[in-house]
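Q: Sharing a structure here in structure tokens format.
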Amino acid sequence: MTDAIARAANLLKEHRASIDRLDAILVYTLAERFKHTQSVGRLKAEHDLPPSDPARESQQIERLERLAREADLDPEFARKFLNFVIAEVIRHHETFQS
């Protein structure tokens, strides 16, 4: 193995280790977020509030797109990701309503 290939392999290993750490952070962050949204869902059910809040959802999407642009992340990807998360949160909230 040449020195260049060995250096590339080492860099690849370092990048993958960083990606693995970031994936763990994402999973734990999402778990924490869903703990809060579950509490929100219970609160909404207790007070007969609708599981969805379109105005809030729209504000959050705009906010996340802005943050994505600031972070140099594709805002379209950020919007799709948040829409997926919101749909899952609403699904959870609806189970509390039954």
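The values are calculated or read from the model by the stated rules, or taken from the named source; none is laboratory data. Everything quoted here is computed from the prediction, not taken from an experiment. Note that each Cβ is placed from the backbone with ideal geometry, even for glycine, and that neighbours are counted across all protein chains shown. All accessible areas refer to the heavy atoms of the entire protein, side chains included, with ligands and DNA or RNA removed. Shrake-Rupley method; radii C 1.70, N 1.55, O 1.52, S 1.80 Å.
Q: Any idea how many residues of the range 31-66 are surrounded by 13 or more Cβ atoms within 10 Å (Cβ to Cβ), assigned to a helix (DSSP H, G or I), out of contact with any helix residue (DSSP H, G or I) (no Cβ under 6 Å at 6 or more places or on another chain) and of a type in the set (A, V, I, L, M, F, W, C)?
A: Residues that pass the stated criteria total 2.
Q: Among the listed residues Ala17, Ala71, which satisfies the condition of being over 18 Å from the mean Cα position of the chain (by Cα) and over 23 Å from His92 (Cβ atoms)?
A: From the options Ala17, Ala71, the qualifying one is Ala17.
Q: Still on this structure: Looking only at the range 83-98, decide whether some residue is of a type outside the set (S, T, N, Q), outside any loop (DSSP other than H, G, I, E, B), open to solvent by 60 Å² or more (accessible area, probe 1.4 Å) and more than 19 Å from Lys35 (Cα to Cα).
A: no
Q: Please verify whether the range 3-20 includes one or more residues that are loosely packed, with under 11 Cβ neighbours inside 10 Å and not in a helix (DSSP H, G or I).
A: For the range 3-20, residues loosely packed, with under 11 Cβ neighbours inside 10 Å and not in a helix (DSSP H, G or I): absent.
Q: Testing Ile25 on (1) in a helix (DSSP H, G or I); (2) modelled with pLDDT under 95, one condition comes back false. Which one is that?
A: Failing condition for Ile25: (2).
Q: Looking at (1) touching a Gly at 6+ places or on another chain (Cβ under 9 Å); (2) modelled with pLDDT of 95 or more; (3) of a type outside the set (S, T, N, Q), find the lone condition where Glu94 falls short.
A: Glu94 satisfies every listed condition except (2).
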